[in-house]
Amino acid sequence: MNNILKIRNPNDYSRYLGQLEQHPLVSIIDYASVSPVRHSLNNYSVYGIFFHDEAEVDLSYGCGKYDYKKGKVICVAPGQIGGLERQR
């Protein structure tokens, strides 16, 4: 595994994607406005809900890989590691 991005608060991930901070406890990201999307493997210290509407990707989650299709909801909790490793 490469570097793991530590998400300690909601705005850590927003800053990583180059988005503005909106609130200290809540972050909403519209991926249509993020170009290009920077992928990372994340260690979450917060709860997160991702509404997956577009691309089909294979994400790491825990010790396994999962294929997320259009229309899925992805939920993460503190202490979990997941995401997509950065492409070299």
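Note on the range 3-29: residues that are hydrophobic (A, V, I, L, M, F, W, C) and in contact with a strand residue (DSSP E or B) (Cβ under 8 Å, 6 or more places away or on another chain) amount to 3. Only residues that are of a type in the set (A, V, I, L, M) and touching a strand residue (DSSP E or B) at 6+ places or on another chain (Cβ under 9 Å) were counted in the range 30-49, giving 3.
One line per residue, one yes/no per condition, for (1) surrounded by 13 or more Cβ atoms within 10 Å (Cβ to Cβ); (2) of a type in the set (Lys, Arg); (3) modelled with pLDDT of 85 or more:
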residue	(1), (2), (3)
ILE29	yes, no, yes
ALA32	no, no, no
ASN42	yes, no, yes
PHE51	no, no, no
GLY62	no, no, no
ASP67	no, no, no
GLY71	no, no, no
GLY79	no, no, yes
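The values are calculated or read from the model by the stated rules, or taken from the named source; none is laboratory data. Keep in mind it's a predicted model, so treat the numbers as computed, not measured. Glycine gets a Cβ as well: all are built from the backbone with ideal geometry, and neighbour counts include every protein chain shown.
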